[in-house]
Each structure stands twice: as C-alpha cells, then as structure tokens.
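Q: Just dropping this structure here.
The values are calculated or read from the model by the stated rules, or taken from the named source; none is laboratory data. All figures in this text were calculated on a predicted structure; none of them were measured in a lab. All Cβ positions, even for glycine, are placed from backbone atoms using ideal geometry, and neighbour counts span all protein chains on display. For accessibility, only protein heavy atoms count, side chains too; no ligands or nucleic acids. Shrake-Rupley method; radii C 1.70, N 1.55, O 1.52, S 1.80 Å.
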Amino acid sequence: MELTQTQQYQPLTDKSTNTKTYFIETYGCQMNVADSELVESLLKKEGYSQATQLDQADAIFVNTCAIREHAEEKVHSQLGRYDLIKKEKPDTIIGVLGCMAQSLKHDLLENKPYVDIILGPDSYRKLPELLNRKTVDTESFVDTTLSRFEVYDDLFPSRNEGINAWISIMRGCDKFCTFCIVPFTRGRERSRSIEGIVLEATKAVEDGFTEITLLGQNVNSYRHEKQEFHHLLASVAQIPGIKRIRYTSPHPQDMTRELLETMLQYETICNSVHLPLQAGSDRILKRMNRTYSKDHFIQLANDIRSILPNVGISTDIIVGFPGETEEEFQETLEVMEIVKFDSAFNFKYSPRRGTKASEYDDQIDEVIKQDRLVRVIELQKKHTLDRNLDLIGTIQTILVEKESKRSSLQWAGRTDSNKWVIFDKGDANIRELVSIKINEARCISLHGHLIKKAEAA
Ligand code: SAH
Ligand code: SF4
Ligand code: F3S
C-alpha cells in the first residue's frame, strides 16, 4: 500500500510501555540529517528511545549517501560492524535507509543477510509498521519506490537541542547533471506548502532554535501552487523571533533577481550564497548539463555582489570530469580568479553507476585528478585568506554558536556571510547575536573581540 501525502501518521498501538532503543548513523548532506530527524520522530511515536551506544540499541539504522565512491565506502565499512553486532545479538534490527538503498538492494539482499530493512528516502512512513512486523517475521523488507508526492509535510522532525533547525522544503531533483546520482536516488522534484513550512519554522523558533536553514537538493527551484522560492523566503523571514535564515543547496539557473532582492530586503536572511560552479569551461559545463556558461556564471556572481554588498559566496568544484583537458581545467582556475570565492568544496570526479558521465569513454587518470584537486585547493586557500583579510578592522554581527575547539574561554560563531569567528567569551552567551571587531584573519577562521551584545535582528 502506498501512503499519500495527505494520509496522517497514526501510531499503531499504545507504545507507552515500549522500552526499546534505536541508534541512527547519518552520512551525506543536510537533507539526510533532516530525514534522520523525521525517522527519529517516527521511532519515538512507537515508544522507542535513543540509545547512547550503537552496540546496545535494539534497532540500528544507517542513513546512507551515494554521491561519491568514498561516501559509499564509509557505509560499507559500517555495515561490516553491524554484521558483528548482529552475530553477538541476533535480535538486533538492522536498517539501511536513504540514497544507497536503491542501488544496493540486490547486493544487500544477496550478500548481507543481516540487513532486515531497506527503505529509500520516500518510504520512511513504512517504518513503524515494519518494526512491529519484524518481531514475527524473519524475511528482509525492501521498499525503494520513489514517490512524486511524498514531502512528509505533516510529520514534525525530532530535533535535538541546538542552534540551527534544518527544514526540508522540497525533495528530489529534475536537473540531471550528467555526473550526479541524486535524481536517481531521490526522484522527481516536489515542494511542500508554504503554510506547512512556516508552521514548522514557527515551532522551531518557539522551541528555542535561533537559526533556520531551508533545505532542498535544489532549494531555489522550490515551487508550490505558483509560489516561488523568494515568496517562501519572505514568509519565513517574517516569523516573529526568528534571528537567522539560511538555505542550501541552490542551483545557479534558479538564482533569480527577485530572490536576491528578497535577501536584501530582510535582515534576518543571511548574506551568503552558495553558487556551485562545478567547472569553468563551456564545453565541460555543457557535457555536465549544467545549463549555464562560464560568462553567465561570472555575470551572476557579479550581480550577486552588486545587489548584496559584503555577501559571502561559496562554491562546489569538480576536477577531472571525463574529457577535461589541462586547458579546460585552467578555465576553472580562471573563473576562481575572477570570482574569488569566499570558500569552496572541491571534489575529484567520481563515476556513479547509472549516470551518463560514467559511460563516457574518456575518463581522467586518477593521478591527474589528484594533481588538479591540489591546485584548486591551493588557489582557494589563497582566496579565502584574501577575503578574510578584507574583514580586518570591520565590526561583524556574530551568532554565538558553540565553544571554540581550542579554548573553553572562547566562543565560536558565524558572520551572516558564513565565516567562523573566534573570540573571548566576555559576558556573551550562546544563541546571542553579538558585535565583534575583527583583529586577525587566518585561512579557516577569523579572530576578534567582543564590542557589545548586538541582539540586532
Ligand atoms: N544540488 C546541488 C549539489 C548537490 S551534490 C547543486 O546542483 O549544486 C553536492 C556536490 O557534490 C555537487 O555540487 C558536486 O560538486 C559534487 N558531486 C556530485 N556528484 C559528484 C560526482 N559524481 N563526483 C564528484 N563530485 C560530485
Ligand atoms: Fe545533482 Fe545537478 Fe541535481 Fe545538483 S542540480 S542535485 S548536481 S543533478
Ligand atoms: Fe548523498 Fe543523497 Fe545527499 S546521495 S549528498 S545523501 S541527496
């Protein structure tokens, strides 16, 4: 039976006496973190509580990622650990969730008999029913069906206390970049209602969360009944008491002027844009199916910087895409020189089974990929430092997020342009917005001192 978006979740029986425990390990992007919180809320409604240690849980789940080979390898090694736990405690339920479920189901069923449950990202509502069934059933259960409708609009995630609440606003991706597995693991694009999202964000603010991050595989292609992403952002920005709003991951194609103007209009929307370049050569961009050219991307970055002064722009870069020549790679470096990103996530191209690019017959040698990766990282380090040096002497509003890793006498928090700043605690408290004067810039973080408690927004 397929549940539809409109069907409300009902606990199956009174589970108030259930003493069972769960443990979830999450790999991959923030969408997976948010999905694990949804799964936790389903488990808690069944009376499960969180185990403090993996090997003591009655049910162990791994929420998986398939974006690059390395991500999959990490999950495989974890599964080896679960196998050992199951040998010791045969009643433990082992569940594989998320983006690897689809591609791994045959392998898991044939070679990993200790896995009891395999659920893809659109099948989590089945979990309570399965956990009950599992006690009388020894067969593995698999559901990796992808839905055109499921957005879990009526399910509130179970969040641990913190500063930032992740809120999924749309699921899936229709862009089909030729390197990317996401459209296959997550299915077609679909968005939640503005009302559902605003309700969830309002509750998160009431529960003490200071920052909201709106999430989607393609967050800015959000669309619900003629409402676009900038309409949604404006609605969330007006929630009483909200201090900061971020969003990720956008696609350059859907970066509209209205969106930038909305960001400018509301002080609560952080002044930071993630703008994934992937590559600088037009031929490679076309082969990647990225839908923009090098010039278009540079123009967009310029527009962003002129509409949003002091904005932070970060990016994603892939080196060694099939057929990428040295000259084409240098165009990536050239765009980096022109845009001077504030930070970048850099990746070696990793062939994913089932994607178009994995079938191209001009795959790049690993040694060349590694060499290009090192060059991209080196150049980005220089740009990050240059951008950070520009902030020396300025006063920045920082949200106090956590204790510095280096010293218990210092706080760490971010500027609204998404840069980490370390400073002596003084009388500042966690969750407060404070004004910090920047004294020193390093490649990874900035250092400064407390001027005053801002409580700006
Ligand atoms: N929707 C986002 C990206 C999500 S995946 C966007 O379009 O920007 C996050 C990043 O992983 C991508 O931006 C890309 O740089 C990287 N990535 C995706 N598939 C990859 C692959 N096969 N090999 C290497 N990096 C990849
Ligand atoms: Fe993958 Fe492209 Fe979709 Fe981003 S836009 S998730 S890179 S297919
Ligand atoms: Fe990984 Fe799936 Fe996210 S493949 S990056 S967990 S959408």
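Q: Put a dot 7 Å past each Cα toward the Cβ at residue 430 and residue 370; how far apart are the dots in nm?
A: Between residue 370 and residue 430, the simple spin-label model gives 4.1 nm.
Q: So if I place +1 on the C-beta of Lys and Arg and -1 on the C-beta of Asp and Glu, and nothing else carries charge, what would the dipole magnitude of the chain be about its Cα centre? I want it in debye, nearest 20.
A: That gives a dipole near 540 debye.
Q: If you filter segment 333-373 for GluC sites (Glu not before Pro), then keep DSSP loop positions with at most 12 other Cβ within 10 Å, what is left?
A: Hits after loop and neighbour filter: nothing returned.
Q: Related question: So what does residue 122 come to for accessible area, using a 1.4 Å probe and Å² rounded to 10?
A: Answer for residue 122: close to 20 Å² accessible.
Q: Across all directions of projection, what mean area in square nanometres is found for the Cα convex hull of segment 14-83?
A: Its average projected convex-hull area is 4.9 nm².
Q: How large is the Rg to Rh ratio of segment 14-160 when both quantities use alpha carbon positions and Rh follows Kirkwood?
A: Using Cα coordinates only, the ratio equals 0.93.
Q: Expressed as a whole percent, how much of the Cα-Cα distance distribution for the chain exceeds 39 Å?
A: It works out to 25 percent of all Cα pairs.
Q: Taking the solvent-accessible surface of protein heavy atoms with a 1.4 Å probe, what is the per residue accessible area of segment 358-435 in Å²?
A: 54
Q: Starting from the eigenvalues of the Cα gyration tensor, five times each then square-rooted, give me the equivalent ellipsoid semi-axes of segment 117-238, largest first, whole Å.
A: Rounded to whole Å, the semi-axes are 28, 21, 12.
Q: Which of the pairs 286/356; 243/405; 87/112 have their Cα atoms more than 19 Å apart in this structure?
A: Those over the limit are 243/405.
Q: Write down the Kirkwood hydrodynamic radius of segment 120-170, to one decimal in angstroms, obtained as one divided by the mean of 1/r over all alpha carbon pairs.
A: When all Cα pairs of segment 120-170 are included, the Kirkwood radius is 13.5 Å.
Q: With all distinct Cα pairs included, what does the Kirkwood hydrodynamic radius of segment 93-177 come out to in Å, to one decimal, could you say?
A: Here the Kirkwood hydrodynamic radius works out to 14.7 Å.
Q: Related question: Answer with one residue from 191, 141, 391: the one whose Cα lies farthest towards the positive end of the charge dipole of the chain, charges on Cβ with Lys, Arg +1 and Asp, Glu -1.
A: With unit charges placed on the Cβ atoms, the residue in question is 391.
Q: Please compute P(r) over all alpha-carbon pairs of segment 315-364, binned at 10 Å starting from zero, and give each bin as a whole-number percent.
A: Taking every Cα pair in segment 315-364, the percentages come to 24, 47, 25, 4.
Q: Greater than 31 Å separation of Cα atoms is the criterion. Which listed pairs, 382/402; 294/402; 203/419, meet it?
A: 294/402
Q: Compute the normalised compactness of segment 333-457: alpha-carbon radius of gyration over 2.2 N^0.38 Å, N being the residue count.
A: 1.40
Q: Under a 5 Å amide H to amide H cut-off, with H placed in plane at 1.01 Å, what residues pair with residue 272 once short-range neighbours are removed?
A: Sorted by chain and number, the residues that satisfy this are 312.
Q: How large a share of the accessible area of segment 75-221, in percent, is made up of carbon and sulfur atoms when the probe is 1.4 Å and the other protein chains stay in place?
A: Ligands and nucleic acids excluded, carbon and sulfur give 53 percent.
Q: Report, in deg cm²/dmol and to the nearest 500, the calculated mean residue ellipticity at 222 nm for the chain, where each DSSP H run with n ≥ 4 adds -39500 (n - 2.57) and the sum is divided by the residue count.
A: Helix contribution divided over all residues of the chain: -10500 deg cm²/dmol.
Q: Given 0.36 nm per residue, what is the gain on full extension from residue 326 to residue 363 after removing their alpha carbon distance, in nm?
A: 12.0 nm
Q: Right, here's the next one. Hey, if we sort 231, 224 by accessible area with the 1.4 Å probe, largest down, what's the order?
A: These residues rank, largest area first, as 231, 224.
Q: Something else now. With the full set of protein chains in place, find how many percent of the accessible area of segment 307-457 is carbon and sulfur; take the probe as 1.4 Å.
A: Whole-percent figure for carbon plus sulfur exposure: 52.
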